[in-house]
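The values are calculated or read from the model by the stated rules, or taken from the named source; none is laboratory data. It should be emphasised that the depicted structure is a prediction, and the values quoted were computed from it without experimental measurement. Every residue, glycine as well, gets a Cβ built from its backbone with ideal geometry; the counts of neighbours run over all protein chains shown.
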Amino acid sequence: MISALQAVPYLSVLSGGLLIGLAALLLFAFNGRIAGVCGITFSLIKRHPSFSTTAWRWLFLVGLVAGTLLYHFLTSTPFPEPPNNSLPLLIAGGLLVGYGTSMGSGCTSGHGVCGIARFSTRSITATACFMLAGIVSLFIFKHLLGWSI
Amino acid sequence: MNQKVIALLAGLLFGAGLAASGMNDSNVVQGFLDVSGAWNPSLMFVMAAALMLTIPGFQYFLRRKPILAQSFKLPNLKNIDRQLVTGAIIFGVGWGLVGLCPGPAIAALGYLNWEGIVFVLAMLAGAKFRQLQVA
């Protein structure tokens with residue numbers, strides 16, 4: 001426990017967290033919008049989205065990808081390793097994440113960062129549920145079943 | 001400044017924040033969920049730092065109006081229902097399995113590795129399936 005806490009790269013972790021919070025606050029304070037990445041993304045694949053109402057969503061997502069790349073180039077930080085999962089597990093995981101966040105109306109950003117800040121009981125409940133489910137799922141797949149994930 | 005500029009700027013900052021904090025690395029995220037293994041508490045501090053800004057900021061603006069928009073676009077649903085809980089649990093299972101949630105999954109597309117691209121395509125398929133189911 002103590003050594004786990006000592007191993008955290010606090011400068012980058014906390015400044016990264018502040019950047020995420022600032023981004024969510026900007027979108028909320030100026031545009032009145034929730035920075036929920038799944039909501040923003042999945043509304044783009046609904047039937048008949050018009051470009052005039054979806055332009056801001058595309059811009060946010062383009063910024064998301066570009067911001068990540070800019071960080072790596074400006075700080076000369078190497079890209080992280082890709083996930084260790086096999087192809088079927090990657091597909092299964094993606095399907096579960098897409099289906100579940102659609103059904104539960106949000107993910108880590110929408111419920112976790114924005115919803116909690118609104119003191120929304122739905123978001124606080126959802127965050128507790130997906131965190132607990134993630135802990136249990138990883139324990140079962142990695143430790144009980146011994147899968148390489 | 002208009003809303004499109006804000007959206008792009010927010011995306012840039014969000015993407016930089018995910019990369020800086022290590023949240024684009026599925027191993028760091030799985031390390032947080034791996035409470036019985038080599039636990040990595042990073043994610044907890046990332047969320048705490050983000051909430052340190054969003055809690056006071058959101059509470060301040062909720063009592064006012066958005067600076068550039070007419071009103072806040074907030075979810076209408078208020079009750080905790082089975083969909084919310086079941087959906088969050090399904091999401092959590094996939095999150096534990098791969099270590100990617102939608103934000104980092106999209107942000108990591110720029111790394112151009114096939115694992116991330118396959119994951120995002122499957123994620124979109126899962127969301128589309130849900131949309132067709134409730135349509």
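Values computed for the structure shown
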item: Residue ID - nearest to B:Asn27 (Cα to Cα), chosen from residues in region B:41-70 that are assigned to a loop (DSSP other than H, G, I, E, B) and either of a type outside the set (Lys, Arg) or within 7 Å of another protein chain (Cβ to nearest Cβ) (or both); result: B:Pro41
item: Any helices (runs of 4 or more DSSP H) falling wholly within region A:1-101 and containing at least 3 residues that are buried (at least 21 other Cβ atoms within 10 Å of the Cβ); result: A:10-31, A:37-42, A:51-75
item: Residue identified as touching a Ser or Thr at 6+ places or on another chain (Cβ under 7 Å), at the interface with another protein chain (Cβ under 7 Å from one of its Cβ atoms) and crowded, with 24+ Cβ neighbours inside 10 Å among B:Gly99, B:Gly116; result: B:Gly99
item: Within region B:122-135, tally of residues that are part of a helix (DSSP H, G or I), more than 7 Å from chain A (Cβ to nearest Cβ) and not polar (S, T, N, Q); result: 2
item: Failed criterion for A:Phe73 (all others in (1) of a type in the set (A, V, I, L, M, F, W, C); (2) over 27 Å from B:Leu33 (Cβ atoms); (3) touching a residue at least 12 places away in the same chain (Cβ under 8 Å); (4) more than 7 Å from chain B (Cβ to nearest Cβ) hold); result: (3)
item: So A:Ser137, is it within 22 Å of A:Arg33 (Cα to Cα), in a helix (DSSP H, G or I) and among the polar types (S, T, N, Q); result: no
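Yes or no, residue by residue, for (1) at the interface with chain B (Cβ under 7 Å from one of its Cβ atoms); (2) in contact with a Ser or Thr (Cβ under 8 Å, 6 or more places away or on another chain); (3) modelled with pLDDT of 95 or more:
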residue	(1), (2), (3)
A:Ala24	yes, yes, yes
A:Pro49	no, yes, no
A:Ser52	no, no, no
A:Trp58	no, no, yes
A:Gly67	yes, no, yes
A:Pro83	yes, yes, yes
A:Leu95	yes, no, yes
A:Met103	yes, yes, yes
